[in-house]
Amino acid sequence: MILSVDLGTTNLKIAFFDSHGDISEKRSAPLNIQASIKSELIIAEQKPNEWIETLIYLLKNLNDRSKKEVEAIAITGQSTSVVLADEKGLPLLNAILHMDSRSEEYFNYIKNIIGRVPSFPEVKLFGLLYWVKDRQPEIFYRVRKVFDARQYILYKLSQEHMYDSYAFNHNTLRRVSSDLDLEPVSYTHLRAHE
């Protein structure tokens with residue numbers, strides 16, 4: 001059996017697939033979003049721990065056969081949403097969702113740092129880091145781990161801190177980390193997905 005976890009913006013879904021690709025069992029539960037518009041900025045956040053609590057709730061309500069036969073877990077989900085955490089992996093803020101616009105004011109600055117037009121995930125991640133550094137430095141200087149929403153779930157399941165090398169080029173991570181003076185943040189110790 002393969003357990004598929006889909007972290008959507010409005011729902012968390014799980015499904016079990018057998019070796020033929022057929023769904024043997026599936027469940028879904030809603031997620032809360034804190035959203036508002038302030039000074040023309042779209043603020044959209046979720047509580048990362050709610051993702052984990054919802055996943056646990058859904059897993060507890062499965063039949064025992066499905067749980068015992070899991071051979072692999074696949075995690076899919078919402079576009080780039082960022083969790084900033086301390087060295088123990090505990091969130092310092094709510095997750096900033098992909099539709100949040102706070103990072104966009106840093107687009108041109110990021111473009112100058114990396115020498116090209118940044119990808120959507122790069123704008124979301126790096127823009128958020130610059131935004132937090134400028135507006136909440138007391139939080140920024142406590143950041144030791146940076147996660148995408150899917151990677152946060154993976155971290156909570158495995159305690160492995162990884163990043164998606166398809167979304168974030170290692171050299172780009174180094175350039176922006178250096179500009180942000182983020183050497184204590186363990187980007188270079190992250191293991192890229194193979």
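The values are calculated or read from the model by the stated rules, or taken from the named source; none is laboratory data. Predicted, not measured: the structure shown is a model, and the values here were computed from it. Here the Cβ is made from the backbone with ideal geometry for all residues, glycine too, and neighbour counts use every protein chain on show. We work out accessible area using only protein heavy atoms, side chains counted, and drop any ligands, DNA or RNA first. Shrake-Rupley method; radii C 1.70, N 1.55, O 1.52, S 1.80 Å.
Here are the numbers for this structure:
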{"read-out": "Ratio of the Cα radius of gyration of region 89-135 to 2.2 N^0.38 Å, where N counts its residues", "value": "1.15"}
{"read-out": "With eigenvalues of the C-alpha gyration tensor scaled by 5 and rooted, region 14-93, Å", "value": "31, 15, 12"}
{"read-out": "Neighbour cut-off at most 14 other Cβ (10 Å), DSSP loop, trypsin sites (Lys or Arg not before Pro), region 1-104", "value": "LYS88"}
{"read-out": "Stretchable slack from TYR57 to ASP86, in nm (0.36 nm times residue separation minus alpha-carbon distance)", "value": "7.9 nm"}
{"read-out": "Translational D in µm²/s for region 33-150 (Stokes-Einstein at 25 °C, 0.890 mPa s, Kirkwood Rh from C-alpha pairs)", "value": "154"}
{"read-out": "Share of carbon and sulfur in the accessible heavy-atom surface of region 1-78 [1.4 Å probe, %]", "value": "52"}
{"read-out": "Among the listed pairs LYS13/LYS60; LYS13/LYS111; LYS111/LYS145; LYS38/LYS133; LYS124/LYS145, those beyond 25 Å (Cα-Cα)", "value": "LYS13/LYS111"}
{"read-out": "Additional length obtainable on full extension of the chain from THR76 to SER36, 0.36 nm per residue less Cα span", "value": "11.8 nm"}
{"read-out": "Around ARG144: net Lys/Arg minus Asp/Glu count, Cβ-Cβ under 10 Å", "value": "+1"}
